[in-house]
Amino acid sequence: MYKKISLLLTLGILFFATSCAKESPDVNDASYYVKYASDGFESYNKYVVTYTDENGETVRLSDFRGDDFERTVGPVSKGFKAEYSITCTSSQYANIAVGLRIEVKKDDGPFVVKKDAVKESIGFDCKASLTYTIE
């Protein structure tokens, strides 16, 4: 009888301890999202935009025309290498200023600018690129 009570008491304590235990979130399970953004495009120029998608593959958009560019990829995890570049070919001799950014957010947090640059070019060709690795 003593063994049964002892066993039931031990099982009760184990049940209580496991039901009250809270799981601590694993920092390594965090999800990150990467936003590639640019502004300053001239509508009369053609641009080639390349960026790394969530699978680590390069996406290339040729002959992009328009105002601003923005793409968000994810989820990705720590160690993800975000690469982003803009190449423009002016149809005429021009003064071009293109701004580009890599922004990152963790889980449901806000996007934070991690890398940015403004490429100014006078002439026919310009190229700007950024790289950022999530740590």
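Data for the structure
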{"read-out": "In the range 86-105, the residues that are modelled with pLDDT under 95 and of a type in the set (A, V, I, L, M)", "value": "Ile86, Ala94, Ile96, Ala97, Val98, Leu100"}
{"read-out": "Residue, surrounded by the most Cβ atoms within 10 Å (Cβ to Cβ), within the range 36-66, restricted to residues that are more than 21 Å from Phe111 (Cα to Cα) and acidic (Asp, Glu)", "value": "Glu42"}
{"read-out": "Residue within the range 26-48 that is modelled with pLDDT of 85 or more, among the acidic types (Asp, Glu) and part of a loop (DSSP other than H, G, I, E, B) present", "value": "no"}
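Rundown of residues vs (1) within 21 Å of Asp29 (Cβ to Cβ); (2) among the aromatic types (Phe, Trp, Tyr); (3) modelled with pLDDT of 95 or more; (4) more than 17 Å from the chain's Cα centre (by Cα), yes/no style:
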{"residue": "Thr58", "(1), (2), (3), (4)": "no, no, yes, no"}
{"residue": "Thr72", "(1), (2), (3), (4)": "yes, no, yes, no"}
{"residue": "Tyr84", "(1), (2), (3), (4)": "no, yes, yes, no"}
{"residue": "Asp107", "(1), (2), (3), (4)": "yes, no, yes, no"}
{"residue": "Ala117", "(1), (2), (3), (4)": "no, no, no, no"}
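The values are calculated or read from the model by the stated rules, or taken from the named source; none is laboratory data. None of the values given here were measured: they were computed from a predicted structure. Neighbour counts are summed over all protein chains in view; Cβ atoms, including those assigned to glycine, are modelled from backbone coordinates with ideal geometry.
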